[in-house]
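The values are calculated or read from the model by the stated rules, or taken from the named source; none is laboratory data. Because the structure is a prediction, the values reported are computed rather than measured. Positions of Cβ are backbone-derived with ideal geometry, glycine not excepted, and every protein chain shown enters the neighbour counts. Heads up: the accessible areas ignore ligands, DNA and RNA and are worked out on the full protein's heavy atoms, side chains in. Shrake-Rupley method; radii C 1.70, N 1.55, O 1.52, S 1.80 Å.
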Amino acid sequence: MELLKLAALDPEDLTVISAHLQDAVLRAGDLTYLAAEHRFVLAVRRFDWSAPAGEPPRRRLAGVHFERVLGVRTRGIRPGQAPDAVLSLLAVTFEPSDAPSGCVNLVFAGGAAIRLDVECVEVRLKDLGPVWEAEARPAHDPDGVRALDAPAP
């Protein structure tokens with residue numbers, strides 16, 4: 001079982017990380033902005049879309065950090081929110097402003113979002129080891145509302 005380790009240094013690389021993070025679940029308490037270090041960190045339970053066909057669906061614990069973060073804005077997620085509130089990550093996108101700076105957007109089910117103002121794209125994703133069987137594959141209905149499988153440990 002090979003652990004995933006990726007880095008993104010431009011918007012194209014970020015689309016690869018976004019694909020691996022699609023349908024990741026996390027708790028609100030797993031989000032941290034380290035302003036003095038210009039870093040935004042999250043721990044996720046990502047759905048392993050690369051699992052071989054015929055094997056049960058699975059999730060993996062992974063760490064993600066965004067570097068060169070100048071500011072963070074949120075929608076539908078508030079500071080002090082219940083740390084066990086579950087969020088479902090749908091996509092990570094980049095909007096350029098004055099190249100190479102711009103905004104990284106973390107888009108969650110239910111309309112929640114986090115916007116990171118960044119000097120440039122610099123993101124790392126690393127599996128941390130634990131893997132477990134998921135109850136089901138994530139499914140999307142035509143309205144874009146996602147049915148979650150259990151958020152496991």
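A few remarks follow.
- Checked against the criterion of being within 15 Å of residue 29 (Cα to Cα), open to solvent by 30 Å² or more (accessible area, probe 1.4 Å) and not polar (S, T, N, Q), the range 97-113 has no qualifying residue.
- The set of residues in the range 18-52 that are in contact with a strand residue (DSSP E or B) (Cβ under 6 Å, 6 or more places away or on another chain), assigned to a loop (DSSP other than H, G, I, E, B) and either among the charged types (D, E, K, R) or open to solvent by 20 Å² or more (accessible area, probe 1.4 Å) (or both) comprises 23, 38, 48.
- Test: residue in the range 55-69 that is part of a loop (DSSP other than H, G, I, E, B), touching a residue at least 60 places away in the same chain (Cβ under 8 Å) and not polar (S, T, N, Q): yes
- One residue stands out in the range 56-90 among those that are open to solvent by 30 Å² or more (accessible area, probe 1.4 Å) and under 11 Å from the mean Cα position of the chain (by Cα): the one that is farthest from residue 22 (Cα to Cα), namely 65.
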